[in-house]
Amino acid sequence: LNSGPARIGAPAARELGLDGEGVTVAILDTGIDATHPDLADRVVKQVNFTDSPEIGDLFGHGTHVGSTVAGTGAASDGLYTGVAPGADLLDVKVLGGSGTGVESGVIAGMEWAVEQGADIVNMSLGERVTDQIHAWEEALERLSAQSDTLFVVAAGNEGPFTASLRAPATAEAALTVGALD
C-alpha cells in the first residue's frame, strides 16, 4: 500500500471526494480480520463457504486484499490507506486457513455476493486453465450477464508468458488485473 494506490490515482480521486462511499465490494478470499484497525466498520457482512470453523482470516491474504481495497490507514496514521476507504466490504470466505478452497465454495460465494448487491466482486485467486471452460469462468459470465456486478480478478502470479493467466481471470466479462512489477 505504499505505492499502489498512488500509481492508479487513488489519492487524487479521494481529494475530489471519490473515496468509495456508497460502493459495496465483496472480497472472495481467506476471510477478513474485521477487528483490524484499518478495517473497523468497513466489513458489513461475513459469510463462510469453507469447512473452516473460523469466519475470520487465519491466512492473512483476505485481510491484505480488504485493506488494499478499503483500508482506512488507521493503523499507520493514514500512510497506508486503501484505494477506496469509504467502501463497504462483504467478507466472503471461500479459501481456508491454508489458502485453498473448493470450486463449489467459490461459486457459492460469487452467487452470494451478487445476491447481496455487491457492486464489485474481488477475486484474488485462480486455477490453471485447461482446454475446457472452467466452472468459475462459466459462473462469472452468467452472473455478469444477470447483474450489474463487476468481477475484478487477479491475473495470477506466473507471468509474464503465454498462457500465464488463471481462471476465472480468463473470462471475457472479468476485469483482469496484473502486477506492475
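Please find, among A145, A179, A139, A155, the residue that is in contact with a strand residue (DSSP E or B) (Cβ under 7 Å, 6 or more places away or on another chain) and either open to solvent by less than 30 Å² (accessible area, probe 1.4 Å) or more than 18 Å from V94 (Cβ to Cβ) (or both).
Checking each option against the conditions leaves just A155.
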Matching residues, the range 1-38, being open to solvent by 40 Å² or more (accessible area, probe 1.4 Å) and of a type in the set (V, I, T) | I8, V23, T35
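With S124, S98 as the choices, which residue is small (G, A, S), in contact (Cβ under 8 Å) with a residue 40 or more places away in the chain and open to solvent by 30 Å² or more (accessible area, probe 1.4 Å)? So that I can check it myself, show each step before the final result.
On the way: S98 fails: in contact (Cβ under 8 Å) with a residue 40 or more places away in the chain.
Exactly one of S124, S98 is small (G, A, S), in contact (Cβ under 8 Å) with a residue 40 or more places away in the chain and open to solvent by 30 Å² or more (accessible area, probe 1.4 Å), namely S124.
Scan the range 149-159 and tell me whether some residue there is in contact with a Pro (Cβ under 9 Å, 6 or more places away or on another chain), on the phi < 0 side of the Ramachandran plot and not basic (K, R). Explain how you work it out, then say what you get.
First, the residues of the range 149-159 that are in contact with a Pro (Cβ under 9 Å, 6 or more places away or on another chain): 151, 153.
Checking the rest, the ones that are also on the phi < 0 side of the Ramachandran plot come to 151, 153.
Subset that is not basic (K, R): 151, 153.
Yes.
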Look at V83 and say whether it is over 14 Å from A171 (Cβ atoms) and surrounded by 16 or more Cβ atoms within 10 Å (Cβ to Cβ).
-> yes
Over the range 39-61, the set of residues surrounded by fewer than 18 Cβ atoms within 10 Å (Cβ to Cβ) and among the small types (G, A, S) is A40, G60
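The values are calculated or read from the model by the stated rules, or taken from the named source; none is laboratory data. Just so we're clear, the structure is a prediction, and the values are computed from it rather than from any experiment. Using ideal geometry, Cβ is built from the backbone for each residue, glycine included, and neighbour counts are taken over all protein chains shown. Protein only, heavy atoms only, side chains kept; ligands, DNA and RNA dropped before computing areas. Shrake-Rupley method; radii C 1.70, N 1.55, O 1.52, S 1.80 Å.
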